[in-house]
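*Asks:* After the structure tokens below, expect a handful of questions from me.
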Amino acid sequence: MATATTTNQTKAAEFDWRRWPETDVLVDELTRQALDRHAFARGLAERMAPETGTIFQNWLDHFVVVAPSSFADRLTALGYFRTADSHGVGVPVFAHAGGLFPRIAVAPGNGEEVVREVGIKVESVAAFSGAHHLGLRPRGYPMGPLRTLRVPGEGVDLVAVERRAYLGFETFPSESAREGRMKPHAAREALAARDLWLARQRRFDDDAEGYAVTEALVDEVIETAGSRDLACHLIFEVEREYWQARNRAARVQKARQDRLGLGWANHDHHTFRSSRRFFPNLMRIFTKLGFKLRERFHAGADAGWGAQVLEHPVTGIVIFADLDLSPQEAAHDFARQTLPDLPKLGTVGLWTALHGESMLEAGMHHLEAQFEFDALRDGLKAEAGIETMKPFSDFPFLRQAFTAGERWPVSPKRADRALAAGWITSEQRDKFVKEGAIGSHLENLQRREGYKGFNQQAVSAILNATDPRLH
């Protein structure tokens with residue numbers, strides 16, 4: 001597994017993601033224990049693979065475990081650390097430092113560890129109740145930081161969890177109240193902020209104007225929402241909807257997950273593409289929303305592309321941001337430095353030339369969510385005839401593949417501009433205008449052992465395979 005290129009060796013080590021097989025075993029043990037004592041949760045888990053291409057572990061939010069004090073030492077040895085949050089008086093919460101694992105709250109007890117509660121992530125707890133005819137009323141304010149739905153079992157409760165830019169466990173959190181998110185009109189203001197982004201102009205004759213307008217709108221959305229973290233959550237809800245409207249595989253899969261009331265709560269990362277010229281503008285928008293820069297990628301002399309990974313510490317949203325990049329620029333801080341145009345466009349640059357910037361007209365290139373790889377591939381094929389491309393990562397701990405690329409129309413104006421710049425031939429111009437060009441995918445991702453990283457060389461191979469000039 002290649003590591004990301006970076007100018008700082010300490011930072012490189014920080015993002016040299018490792019595997020946590022023993023931690024994975026613990027999470028599986030806790031999951032089995034919870035399912036053994038909760039008939040509804042067990043039935044839900046049995047339906048997930050055939051109906052959604054996922055497994056129960058893809059949706060885990062947290063566990064509450066009654067255990068002796070030695071259990072905290074075990075968690076620490078497995079990579080967990082104690083957070084500032086609690087699940088109640090005397091019930092500390094532990095999160096994992098370097099892997100993708102659910103948080104674990106530890107209630108004092110004697111003897112063996114016993115799961116008292118298992119929480120799963122959903123986009124809407126009301127939709128979850130309705131999908132399963134539970135007739136339960138959510139706890140928490142609509143559009144609030146946390147809404148929950150509790151389904152009692154045989155000694156363990158299943159809790160559906162709807163989070164909105166909040167990591168804690170208080171349904172009416174005092175911190176959010178101090179920020180104004182619990183005031184009477186907070187839900188209305190959150191909806192107003194979301195609508196600002198939903199109604200925005202995405203198509204501009206001049207991308208510089210488009211970015212200026214969009215960046216100013218981000219400030220307005222943050223101010224209206226009253227929180228940049230909440231604004232981030234709302235903006236990415238809309239971005240997924242925009243991408244989904246342009247991708248049939250996404251619509252089919254979202255409907256499958258909605259049938260179980262789950263939504264896109266299993267999202268892993270969102271991929272945006274940008275021209276070199278506007279990449280710093282894109283990064284500025286993301287950092288305004290609270291994203292932190294993670295590892296940078298460049299996959300060698302022949303790759304022709306680079307990427308900046310970003311992660312939001314509160315919403316958990318991860319971004320993979322692509323751009324064309326020469327080998328000499330690999331060590332540059334391309335997230336902040338404007339790069340000159342290259343004489344020849346790579347795959348990413350041509351995609352933006354034909355379709356537009358991801359932050360503007362084009363929308364995301366793809367969403368990657370966590371699935372059970374074979375189950376998703378087979379389910380999409382059987383239900384809707386959707387094909388999946390050859391895997392570009394096929395390890396026990398990381399499997400990745402795109403659904404077959406879906407063509408988007410290419411406007412004659414964009415094609416003519418690319419031809420005039422010498423980026424495409426006249427034959428390619430005519431073909432793109434007549435037949436369109438590959439626009440987007442859904443990515444099938446299966447992670448094991450908590451692995452957070454990406455397979456750099458494999459990503460490079462799939463980028464090359466999706467170059468519009470090859471189709």
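*Asks:* Scanning the stretch 81-101 for residues that are aromatic (Phe, Trp, Tyr) and free of Cβ contacts under 8 Å to residues at least 60 places away in the same chain, which turns out most open to solvent (accessible area, probe 1.4 Å)?
*Replies:* Phe81
*Asks:* When you go through Ala126, Ala212 one by one, which is the residue that is free of Cβ contacts under 8 Å to residues at least 40 places away in the same chain and buried (at least 17 other Cβ atoms within 10 Å of the Cβ)?
*Replies:* Ala126
*Asks:* Which one of these is farther than 28 Å from Pro92 by Cα and of a type in the set (D, E, K, R): Arg228, Arg203?
*Replies:* Just a single option satisfies the conditions, and that option is Arg203.
*Asks:* Next up: Report yes if Val25 is modelled with pLDDT of 95 or more and touching a strand residue (DSSP E or B) at 6+ places or on another chain (Cβ under 6 Å), otherwise no.
*Replies:* no
*Asks:* To continue, here is another question. Taking the stated definitions as given, is Leu354 touching a strand residue (DSSP E or B) at 6+ places or on another chain (Cβ under 7 Å) and over 27 Å from His267 (Cβ atoms)?
*Replies:* On the way: touching a strand residue (DSSP E or B) at 6+ places or on another chain (Cβ under 7 Å): yes; over 27 Å from His267 (Cβ atoms): no.
In short, no.
*Asks:* Are any residues in the stretch 33-80 farther than 23 Å from Gly155 by Cα, open to solvent by less than 30 Å² (accessible area, probe 1.4 Å) and small (Gly, Ala, Ser), and if so, which ones?
*Replies:* Gly53, Gly79
*Asks:* So, in the stretch 243-260, how many residues would count as being open to solvent by less than 30 Å² (accessible area, probe 1.4 Å) and under 14 Å from His366 (Cβ atoms)?
*Replies:* 5
*Asks:* Say we look at the stretch 154-187 and pick out the residues that are of a type in the set (Lys, Arg) and at pLDDT below 95; which of these is surrounded by the fewest Cβ atoms within 10 Å (Cβ to Cβ)? Before you say what the answer is, go through the steps one by one.
*Replies:* If we filter the stretch 154-187 for residues that are of a type in the set (Lys, Arg), which is where we start, we get 163-164, 178, 181, 183.
Among the residues that remain, those that are also at pLDDT below 95 are: 178, 181, 183.
Details: Arg178: 9, Arg181: 25, Lys183: 13.
Top of the filtered list is Arg178.
*Asks:* Can you work out which of the residues in the stretch 190-200 that are open to solvent by 60 Å² or more (accessible area, probe 1.4 Å) and touching a residue at least 12 places away in the same chain (Cβ under 8 Å) is nearest to the chain's Cα centre (by Cα)?
*Replies:* Looking at residues that are open to solvent by 60 Å² or more (accessible area, probe 1.4 Å) and touching a residue at least 12 places away in the same chain (Cβ under 8 Å), I get Leu198.
*Asks:* Looking at the structure I just gave you, is Val106 at pLDDT 95 or above, crowded, with 21+ Cβ neighbours inside 10 Å and over 26 Å from Gln446 (Cα atoms)?
*Replies:* Values: at pLDDT 95 or above: yes; crowded, with 21+ Cβ neighbours inside 10 Å: yes; over 26 Å from Gln446 (Cα atoms): yes.
It is true that Val106 is at pLDDT 95 or above, crowded, with 21+ Cβ neighbours inside 10 Å and over 26 Å from Gln446 (Cα atoms).
*Asks:* Given (1) surrounded by fewer than 22 Cβ atoms within 10 Å (Cβ to Cβ); (2) on the phi > 0 side of the Ramachandran plot; (3) of a type outside the set (Lys, Arg); (4) at pLDDT 95 or above, where does Gly422 come up short, assuming only one miss?
*Replies:* Looking at each condition in turn, Gly422 falls short on (4).
*Asks:* Looking at (1) surrounded by fewer than 22 Cβ atoms within 10 Å (Cβ to Cβ); (2) closer than 19 Å to Thr287 by Cα; (3) not charged (D, E, K, R), find the lone condition where Ala225 falls short.
*Replies:* That leaves (1) as the condition not met.
*Asks:* Please go through the stretch 312-355 and pick out each residue that is within 26 Å of Gly405 (Cα to Cα) and of a type in the set (D, E, K, R).
*Replies:* Asp322, Asp324, Lys344
*Asks:* Output the residues belonging to the stretch 389-403 that are more than 20 Å from the chain's Cα centre (by Cα) and in contact (Cβ under 8 Å) with a residue 40 or more places away in the chain.
*Replies:* Met389, Phe395, Pro396
The values are calculated or read from the model by the stated rules, or taken from the named source; none is laboratory data. Note that the structure is a prediction, hence the values are computed from the model and not measured. All Cβ positions, glycine included, derive from the backbone under ideal geometry; neighbour counts span all protein chains shown. For the accessible areas, the whole protein counts, side chains as well, though only heavy atoms, and no ligand, DNA or RNA atoms are used. Shrake-Rupley method; radii C 1.70, N 1.55, O 1.52, S 1.80 Å.
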